[in-house]
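Notes to accompany the following structure.
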């Protein structure tokens, strides 16, 4: 979230799209209701289903799953053609005036630079145009230049008329116009609206572009950086934000530093690649904050390798693994299944062993049949879990999942009992970026151990083996600093201190070298004190400030709220720098005056910025720097050359497309979508599988875990799997409510109880009725007695977004029959 | 049964045990159906706080946990789909005992003290004295009390009288994440409800209403409805205590007591007047009786 949960109460309009927060985030949803009660805010819900969230909305608009971009670009077109956008904001805080090279074009569904052989784009064609004389970006503040971002955007969205939106999304034109009227009512200084989304946007082959379209809408309306505004992603688990922040995916190190690749042989090469250069020489220069990249990286290396990291050895940079292939999880399972990998250039063997922590790939991964076949090829697998999950007993899965008989599977499975969230302390980082400490409630049962103990024991055993027997690349293992009081079971407070960082030598005030800011050994106050000469260490620069000399700030529980805006600066710790609203410089105008004086993000008082922790140099007067300090151009991007599938979002159908793309039938789906080509990666077509299907969660259940509860109340409240079917489709097929039905995709087939409802309606697409059904995902074959059910991912495909490699769970094709 | 709460009224008693020693304001639950998301946190909280047995539910094609309240399930969100002039609605309402000011269950109950109404308005079943006859279910206009088959007694929401007694809010209120539930004095909850109704009316819901049915002299559960159509929420439009129940309690029962008393008095009077019955003149009557075997 750019803003926070509590901040939703400050909104005048809430657009909930690509998510069902009432269902999946019922506690945070309190703030939606608070906004309704106290501000009379309007809640607009746009969703394929009439959801629990829709049930309390002021306006609900149906949208066919996978067509969100058309809807959002329709809203952008509406804002631009009616003038209902915040033009002062757009001029100073976005790249609308920036001129783009004439190599950029968009024709028949393809952006310039598309390579038909590799199915990739050459992004150089989408660059800003520089002015060779001034060494600055070319800008047109009047927004009239035909190649300025504003005009290019206008041209790009011009096709998305309300009629086209109706044709693509199935949203009646009148309903769309009502949504447009409410949403664009915030396109000014007085009003402000928030945008919330979740996996209903991310789990598409165009997921990132949907989110971009939402962000662009919010930028045009001037809603980013302001209290009551923002682009707010609701994360799917209590600590998924913390996992992402701490290098939870293969392409990032802690703090979103990039995983090094083989071309970057030295620390300097690596740091240079992470510190963007900028042409911005005009007024409103940029802080271009990533110029500090080397400080974050060197401090991280000092945290990893301790005293072994020295200036002479590039702080151990060479020991970090260089990752050339894509090691996102769908790729890993594809490697396992095929028995080899080609991604690092040469043919490599597939993994023979596998450790899986707190994750249940058989249940939550796409295409269960392929997943089970992949795991069957391993020599060994370690599953660290509270219960015996589907993955741990994949070798004994029911026959319909197509696995080999257990006698033919050689994989040796180790199930290590882990402890649950209440059986250990540590922090949760919530969607609002708040690190909040939690205290252990009870001891784990039996021999269960905490994650940190299991990890430490494995690591120390490997390190010991290296000491005794040696091995390949010993420095990587032997030089790791493991200086915890109890190395076998590190105290998580100590780990948090390490993540915060400390001074390794005395640190001096940069303005006054005689003044010592921190003495050696002291915890630093924040990432502003990090150095790239080895005098500081920090495990995650983004979390720096969480555990200072003042103590563990994640444990703070002071609910004083002097502004009344719900910022709570003394409650927990919000990264970065305890800032509650990111990009908050954009909450004020060019002179530093807040757009809305009743909702002050930050404001310039003549000497410094006051309010929230400023997302700006605290004493830099207005006009010095642009508001978006992490970007080299200092302004937010309506046009973004960084993504793999285009600088503007464009409507593409899901990979399993129910209809041809009416805008460009030759390019129906995302041309650079992630796909796999094994014999198990079959795709369905709309003639055989005419119904759109989507999967989702339910309030009563926690992912694939609740079904393991013996005698638990939640299984009583939501007793089993069902298939949500529109009433009219059910009557066509003679399906009665509560009867058994069968859902079949190109990959698998499952059976369930029909839930016949009016909450799902047919979509009129190109004049033809298109049906959509839905499946909750919480069941599987590993469960307490009486609570088993089918795995919905038996039906889903290993296809996904080309930027994040997230599977397309929200729109795939099926057929429906009476069972 | 909460020992420190004064009893205002008690079933099958001609007079209550109200002493007036303690003061207690009437309390109420507030339910705003327009901000309820049907998350069922209240259902879970009710089950757990009251240590109720699990009901063996099964998927029948609905989000609703059970078709109706159950002796082991005292708090149920009802889900109803309804199209209103082209606007689809998914209505959710928390169902439980309404704690009527004039409780039909109490009126119908023949077991002395088995149903009591405390001074603060809570209506509670005292299982010690309950005889499991089910008359209270007949007397209830909201279909609330249920017979517990293994316990042999009637059961329903107690409005968490054990929590209220020690200054806590009911478990369902405590668990509600959206703030659609609230708890306080009846007066405060009605004021809160009227405020929300006013806001809804201003937002275009002209028929919004606070459901606090006067046919039972109001209830200790007040419910904000977007549409003044209680039946859409599976609520009776104008609940009353049935005439038969009322007749039983107020007419027939006193009459019965009078008749029984009169019979005893009559017997004595008869005895005093005519003396003991004389033995039969012959054995014919008795022989005829035994001849039936």
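The values are calculated or read from the model by the stated rules, or taken from the named source; none is laboratory data. Since this is a predicted model, take the numbers as computed values, not measurements. Cβ coordinates were reconstructed from backbone atoms using ideal geometry, including for glycine residues, and neighbour counts include every protein chain displayed.
Of the residues A:741, A:723, which is within 23 Å of residue A:658 (Cα to Cα), at pLDDT 95 or above and at the interface with chain B (Cβ under 10 Å from one of its Cβ atoms)?
Sole residue among the options that is within 23 Å of residue A:658 (Cα to Cα), at pLDDT 95 or above and at the interface with chain B (Cβ under 10 Å from one of its Cβ atoms): A:723.
Looking at (1) more than 26 Å from residue B:197 (Cβ to Cβ); (2) in a helix (DSSP H, G or I); (3) within 11 Å of chain A (Cβ to nearest Cβ), can you tell me which one residue B:42 breaks?
So the condition that residue B:42 fails would be (1).
Looking for whichever is within 19 Å of residue A:555 (Cα to Cα), touching a helix residue (DSSP H, G or I) at 6+ places or on another chain (Cβ under 9 Å) and in contact (Cβ under 8 Å) with a residue 12 or more places away in the chain here; the options are A:489, A:500, A:479. Which one fits?
Among A:489, A:500, A:479, only A:500 is within 19 Å of residue A:555 (Cα to Cα), touching a helix residue (DSSP H, G or I) at 6+ places or on another chain (Cβ under 9 Å) and in contact (Cβ under 8 Å) with a residue 12 or more places away in the chain.
Taking the stretch B:86-110 on its own, how many of its residues are facing chain A (nearest Cβ under 10 Å) and buried (at least 19 other Cβ atoms within 10 Å of the Cβ)?
Of the residues in the stretch B:86-110, 3 are facing chain A (nearest Cβ under 10 Å) and buried (at least 19 other Cβ atoms within 10 Å of the Cβ).
Matching residues to (1) in contact with a strand residue (DSSP E or B) (Cβ under 9 Å, 6 or more places away or on another chain); (2) over 28 Å from residue A:459 (Cα atoms); (3) buried (at least 16 other Cβ atoms within 10 Å of the Cβ):
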{"residue": "A:488", "(1), (2), (3)": "no, no, no"}
{"residue": "A:491", "(1), (2), (3)": "no, no, no"}
{"residue": "A:494", "(1), (2), (3)": "no, no, no"}
{"residue": "A:502", "(1), (2), (3)": "yes, no, yes"}
{"residue": "A:507", "(1), (2), (3)": "yes, yes, yes"}
{"residue": "A:520", "(1), (2), (3)": "yes, yes, no"}
{"residue": "A:531", "(1), (2), (3)": "yes, yes, yes"}
{"residue": "A:536", "(1), (2), (3)": "yes, no, yes"}
{"residue": "A:539", "(1), (2), (3)": "yes, no, yes"}
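Looking only at the stretch A:683-735, count every residue that is at positive phi and in contact with a helix residue (DSSP H, G or I) (Cβ under 8 Å, 6 or more places away or on another chain) and tell me the total.
Qualifying residue count, the stretch A:683-735: 1.
Having 2 or more residues that are within 30 Å of residue A:189 (Cβ to Cβ) and under 26 Å from the mean Cα position of the chain (by Cα) is the bar; report the helices (runs of 4 or more DSSP H) wholly within the stretch A:12-126 that clear it.
A:30-39, A:68-82, A:87-93
In the stretch A:761-782, which residues are surrounded by fewer than 24 Cβ atoms within 10 Å (Cβ to Cβ), within 14 Å of chain B (Cβ to nearest Cβ) and part of a loop (DSSP other than H, G, I, E, B)?
Passing the criteria: A:761, A:762.
Which of the residues that make up the stretch B:67-85 are more than 10 Å from chain A (Cβ to nearest Cβ) and over 20 Å from the mean Cα position of the chain (by Cα)?
Hits for the stretch B:67-85 are B:80, B:84, B:85.
From A:8, A:76, which residue is more than 14 Å from every other protein chain (Cβ to nearest Cβ) and at pLDDT 95 or above?
Just a single option satisfies the conditions, and that option is A:76.
With respect to residue A:202, is the statement that it is crowded, with 24+ Cβ neighbours inside 10 Å, modelled with pLDDT of 95 or more, over 15 Å from residue A:79 (Cβ atoms) and in contact with a helix residue (DSSP H, G or I) (Cβ under 8 Å, 6 or more places away or on another chain) true?
Taking the combined requirement at face value, the residue does not satisfy it.
Only residues that are in a helix (DSSP H, G or I), more than 10 Å from chain A (Cβ to nearest Cβ) and either touching a strand residue (DSSP E or B) at 6+ places or on another chain (Cβ under 7 Å) or at positive phi (or both): list them for the stretch B:187-219, please.
If the condition is that a residue be in a helix (DSSP H, G or I), more than 10 Å from chain A (Cβ to nearest Cβ) and either touching a strand residue (DSSP E or B) at 6+ places or on another chain (Cβ under 7 Å) or at positive phi (or both), then B:189, B:190, B:192, B:193, B:194, B:197, B:216 are the ones that fit.
Residues checked against (1) at pLDDT below 95; (2) under 29 Å from residue A:25 (Cβ atoms); (3) outside the structural domain of residue B:115 (by TED's automatic domain parsing):
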residue	(1), (2), (3)
B:168	no, yes, no
B:185	no, no, no
B:192	no, yes, no
B:200	no, yes, no
B:223	no, yes, no
B:252	yes, no, yes
B:264	yes, no, yes
B:271	yes, no, yes
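Which condition number does residue A:733 fail, the rest of (1) surrounded by 21 or more Cβ atoms within 10 Å (Cβ to Cβ); (2) in contact (Cβ under 8 Å) with a residue 40 or more places away in the chain; (3) more than 8 Å from every other protein chain (Cβ to nearest Cβ); (4) farther than 30 Å from residue A:679 by Cβ being met?
Checking residue A:733 against (1) surrounded by 21 or more Cβ atoms within 10 Å (Cβ to Cβ); (2) in contact (Cβ under 8 Å) with a residue 40 or more places away in the chain; (3) more than 8 Å from every other protein chain (Cβ to nearest Cβ); (4) farther than 30 Å from residue A:679 by Cβ, the one that fails is (1).
Limited to the stretch B:18-34, what total is found for residues that are more than 7 Å from every other protein chain (Cβ to nearest Cβ) and touching a helix residue (DSSP H, G or I) at 6+ places or on another chain (Cβ under 8 Å)?
Here the count works out to 8.
Which members of the stretch A:702-720 meet the condition of being assigned to a loop (DSSP other than H, G, I, E, B) and either surrounded by fewer than 20 Cβ atoms within 10 Å (Cβ to Cβ) or away from every other protein chain (no Cβ under 11 Å) (or both)?
Across the stretch A:702-720, the qualifying residues are A:702, A:703, A:704, A:705, A:709, A:710, A:711, A:712, A:720.
So residue A:163 fits all but one of (1) part of a helix (DSSP H, G or I); (2) touching a residue at least 60 places away in the same chain (Cβ under 8 Å); (3) surrounded by fewer than 24 Cβ atoms within 10 Å (Cβ to Cβ); what number is the exception?
(2)
Scan the stretch A:101-122 for residues that are over 29 Å from residue A:85 (Cα atoms) and in contact (Cβ under 8 Å) with a residue 40 or more places away in the chain and report the count.
Count: 4.
For the stretch B:50-66, which residues satisfy the criterion of being within 22 Å of the chain's Cα centre (by Cα) and more than 7 Å from chain A (Cβ to nearest Cβ)?
B:50, B:51, B:52, B:53, B:64, B:66
Among the residues of the stretch B:35-47, is any out of contact with any helix residue (DSSP H, G or I) (no Cβ under 9 Å at 6 or more places or on another chain) and assigned by TED's automatic domain parsing to the domain that holds residue B:151?
Among the residues of the stretch B:35-47, not one is out of contact with any helix residue (DSSP H, G or I) (no Cβ under 9 Å at 6 or more places or on another chain) and assigned by TED's automatic domain parsing to the domain that holds residue B:151, which makes the answer no.
When you go through (1) crowded, with 18+ Cβ neighbours inside 10 Å; (2) in contact (Cβ under 8 Å) with a residue 40 or more places away in the chain; (3) touching a strand residue (DSSP E or B) at 6+ places or on another chain (Cβ under 9 Å); (4) outside the structural domain of residue A:356 (by TED's automatic domain parsing) one by one for residue A:301, which number turns out not to apply?
Every condition holds for residue A:301 apart from (2).
In the list A:278, A:261, which residue meets the criterion of being part of a loop (DSSP other than H, G, I, E, B) and over 21 Å from residue A:311 (Cα atoms)?
A:278
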